[in-house]
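Right, one structure below, let's go through it.
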Amino acid sequence: MKRNNRNPAGKKVRIGIVAALLSVLTMLLFHLPFFRHAAGQVEPGFNGKMILLSLGVILLAGNYLFYYLLLYIGRIVGKLLISFLFIGNAIGLYFINTYDIMIDDSMMGNVFNTNYAEATSYWSFSALLYILLTGAIPIVLIWLAKTDYGKIKRFLKSIGLSLLTVLVAVFANMPNWMWIDKNSTVLGSLILPWSYVVNTFRYYSAEKEKNREEILLPDATILNDDKDVLVLVIGESARRDHFSLYGYERDTNPLLSKVPNLTVFKANSSATYTTAGVKAMLDYTETDMLYEILPNYLYRNGVDVIWRSSNWGQPPLHIRKFFEEPELQVMYPDAQSGFDGLLTEGLKEAVTESGNNKVLLILHTSTSHGPSYNKKYPPEFEVFSPVCNTVEMSKAPIDELINAYDNTIVYTDWLLDRIIGDLKELDGWESCMMFVSDHGESLGENNLYMHGVPMSIAPKEQYEIPFIVWTSDSTQQLKPADMLSQYNVFHSVLHFLGIGSPVYDERMNIFR
Ligand SMILES: [Zn+2]
């Protein structure tokens with residue numbers, strides 16, 4: 001390393017060298033997934049190589065510029081920020097390599113909405129190694145090196161030169177801007193630290209937008225005195241092709257396959273992540289705006305609405321009866337804890353004691369949420385074995401991963417059958433059980449795991465969802481439909497419960 005001997009304190013490293021080292025380290029340690037993906041997307045030949053080369057130059061010079069500015073202006077604060085970024089990069093890299101995720105704004109939303117128990121299920125020993133090797137060692141180096149920050153003239157010269165390099169590379173690449181634009185979402189989600197820094201801002205500005213006052217829908221009217229109850233079960237990561245009801249060769253639906261009056265529809269989710277999938281199920285129409293969602297709307301208009309959840313990520317609820325697992329555990333001390341069976345405890349009583357003729361029960365489950373599928377069902381539901389025990393899905397034997405996932409579907413089968421069994425025993429009530437998943441799940445196809453790939457490029461495994469309906473009245477007919485969406489839920493619930501509304505859309509109702 002070059003020493004600045006003019007400095008009487010001696011043995012200092014020039015800021016330019018520190019910035020250059022950090023830039024090279026960032027490239028070597030954290031930009032591999034980015035280049036791997038880019039290399040797969042460019043066409044072979046000279047132009048493709050030019051794109052990759054100029055991306056490399058832009059990133060090297062851009063990161064140099066960034067680190068230089070941070071160190072020069074921030075000094076100790078700059079070093080502190082860079083330290084945080086390297087730790088963040090190490091964690092990001094672990095997730096990209098282990099789960100093949102892309103860090104876009106919706107993924108950052110998942111990160112900030114994940115609760116502690118869920119978050120810890122992703123960690124493993126190799127996460128620690130990532131942090132130590134790719135995060136901590138560079139940090140030790142920058143703190144050990146005493147930095148010679150130099151004069152303003154040198155600062156301006158370095159900044160000017162690196163900025164010029166970035167601009168020249170960008171403009172030399174002008175014919176390829178279309179290519180960059182087309183691939184920007186995925187590429188951007190792989191550039192550490194920009195992926196999580198920029199997408200954290202994007203997520204929070206979108207959140208701020210969402211948390212504004214919800215737009216009320218025009219008042220609804222209860223059209224009759226019939227006793228109607230509908231149980232909407234929101235599935236988590238349940239993919240359609242792993243239900244034997246939809247033709248899966250394994251018997252994952254031993255109970256539901258024997259239930260009369262059960263209708264299965266094909267449906268596509270409108271997103272590949274929870275918050276958007278759940279919102280679509282509760283919205284009256286496809287919208288980014290925050291309209292009054294189904295439970296809030298029905299509660300405000302006199303329906304008894306109960307929401308039980310082992311999950312999260314729903315839009316803000318304005319109802320009285322909202323229960324999460326800890327409260328449910330207190331209400332039902334004898335129930336087995338830690339599994340979604342808890343959500344289905346005492347359903348009959350909840351309906352009969354409601355004192356209302358119209359009841360909407362929403363169970364927001366988490367049954368098939370990865371990565372630890374094998375922890376989401378009680379031991380007696382381990383029908384398919386062996387199951388993998390690692391949270392690093394890409395390292396798990398694929399058949400063991402699928403075994404564990406399929407067991408969550410067997411457990412879902414039991415849960416839905418139990419709900420139907422309870423509803424059947426309700427005298428004088430017409431009842432309906434509706435099961436719709438928030439999105440699908442990748443189980444290693446194309447080396448993808450879990451979900452969250454942007455909808456425009458998502459594989460079908462992540463959006464092909466089950467839409468299962470059971471009604472107590474065998475004369476209740478359902479309209480034939482090739483394909484449903486999550487937006488069918490709102491209107492079908494209104495129709496079933498006998499609620500009139502100016503926003504009701506008969507075409508979106510699944511019942512005759
Ligand atoms: Zn989900």
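Figure legend. Inter-residue proximity from segment 281-303: first residues closer than 22 Å to residue 321 by Cβ, second residues surrounded by fewer than 20 Cβ atoms within 10 Å (Cβ to Cβ) and among the basic types (Lys, Arg), beta-carbon distance below 6 Å, spacing 6+ or different chains. Indicated pairs: 290/210. Of the residues screened, residue 252 is not one that is touching a residue at least 12 places away in the same chain (Cβ under 8 Å), within 30 Å of residue 357 (Cβ to Cβ), of a type in the set (Ser, Thr, Tyr) and not in a helix (DSSP H, G or I).
A residue that is in contact (Cβ under 8 Å) with a residue 24 or more places away in the chain, over 22 Å from residue 83 (Cα atoms) and more than 36 Å from the chain's Cα centre (by Cα) occurs nowhere in segment 126-146.
For every residue, the table says whether it meets (1) out of contact with any helix residue (DSSP H, G or I) (no Cβ under 9 Å at 6 or more places or on another chain); (2) in a helix (DSSP H, G or I).
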{"position": "49", "(1), (2)": "yes, yes"}
{"position": "61", "(1), (2)": "no, yes"}
{"position": "66", "(1), (2)": "no, yes"}
{"position": "72", "(1), (2)": "no, yes"}
{"position": "79", "(1), (2)": "no, yes"}
{"position": "86", "(1), (2)": "no, yes"}
{"position": "89", "(1), (2)": "no, yes"}
{"position": "92", "(1), (2)": "no, yes"}
{"position": "101", "(1), (2)": "no, no"}
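Contact map, segment 433-446: first residue within 9 Å of the ligand (Cβ to nearest atom), second residue among the aromatic types (Phe, Trp, Tyr), Cβ cut-off under 7 Å, separation 6 or more or different chains; pairs are 439/273; 439/463. Please determine, by comparing only the residues of segment 450-460 that are over 15 Å from residue 236 (Cβ atoms) and in contact (Cβ under 8 Å) with a residue 24 or more places away in the chain, which one is most open to solvent (accessible area, probe 1.4 Å). So, considering only residues that are over 15 Å from residue 236 (Cβ atoms) and in contact (Cβ under 8 Å) with a residue 24 or more places away in the chain, the one most open to solvent (accessible area, probe 1.4 Å) is 456. Summed over segment 429-467, the residues that are closer than 30 Å to residue 496 by Cα and in a strand (DSSP E or B) give a count of 12. Taking the conditions (1) open to solvent by 20 Å² or more (accessible area, probe 1.4 Å); (2) over 21 Å from residue 261 (Cα atoms); (3) in a helix (DSSP H, G or I) in turn, residue 408 satisfies each one other than (1).
Of the strands (runs of 3 or more DSSP E) lying entirely inside segment 274-383, those carrying at least 1 residues that are open to solvent by less than 10 Å² (accessible area, probe 1.4 Å) and within 16 Å of the ligand (Cβ to nearest atom) are 304-309, 358-364.
The values are calculated or read from the model by the stated rules, or taken from the named source; none is laboratory data. As the structure is a prediction and not an experimental result, all values here were calculated from the model. All Cβ positions, glycine included, derive from the backbone under ideal geometry; neighbour counts span all protein chains shown. Quick note on the areas: whole protein, heavy atoms, side chains included, nothing else; ligands and nucleic acids left out. Shrake-Rupley method; radii C 1.70, N 1.55, O 1.52, S 1.80 Å.
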